[in-house]
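These notes are about the structure you will find just below.
The values are calculated or read from the model by the stated rules, or taken from the named source; none is laboratory data. No experiment lies behind these values; they were computed from the predicted model shown. Here the Cβ is made from the backbone with ideal geometry for all residues, glycine too, and neighbour counts use every protein chain on show.
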Amino acid sequence: MTVTQIDLDDDALVEAMRLMGTKTKKDTVNQALRDYISRVRRVEAAQRLFERGQRGEFDRAAAAYEAEKAARREVFGE
């Protein structure tokens with residue numbers, strides 16, 4: 001853990017503590033950092049999914065699944 005001295009917006013800090021339910025400035029700042037990292041990672045993951053969709057990867061997977069289902073029905077008469 002690094003010790004750092006920073007100036008914080010007191011009103012924003014109080015509101016963040018209220019919203020997060022944290023009791024200390026340290027906990028609030030650390031939770032805010034974790035939340036930010038998590039949010040950015042989710043955005044990045046969504047972007048990767050979008051790009052895969054644009055490339056048609058999900059369409060190909062769905063078509064392969066449907067073909068497998070049809071073949072199974074043909075063999076087993078389902």
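Observations, loosely collected:
- Taking first residues from segment 4-16 that are modelled with pLDDT of 95 or more and partners that are part of a helix (DSSP H, G or I), the Cβ contacts under 6 Å between residues at least 6 apart in sequence or on separate chains come to ALA16/THR28.
- Residues located in segment 38-53, provided they are among the small types (Gly, Ala, Ser) and either at pLDDT 95 or above or not in a helix (DSSP H, G or I) (or both): SER38, ALA45, ALA46
- Selected residue (only one of VAL75, VAL29, VAL14 is out of contact with any His (no Cβ under 6 Å at 6 or more places or on another chain) and either exposed (fewer than 10 other Cβ atoms within 10 Å of the Cβ) or not in a helix (DSSP H, G or I) (or both)): VAL75
- Filter pass, GLU44 being within 23 Å of the chain's Cα centre (by Cα) and under 27 Å from MET1 (Cβ atoms): yes
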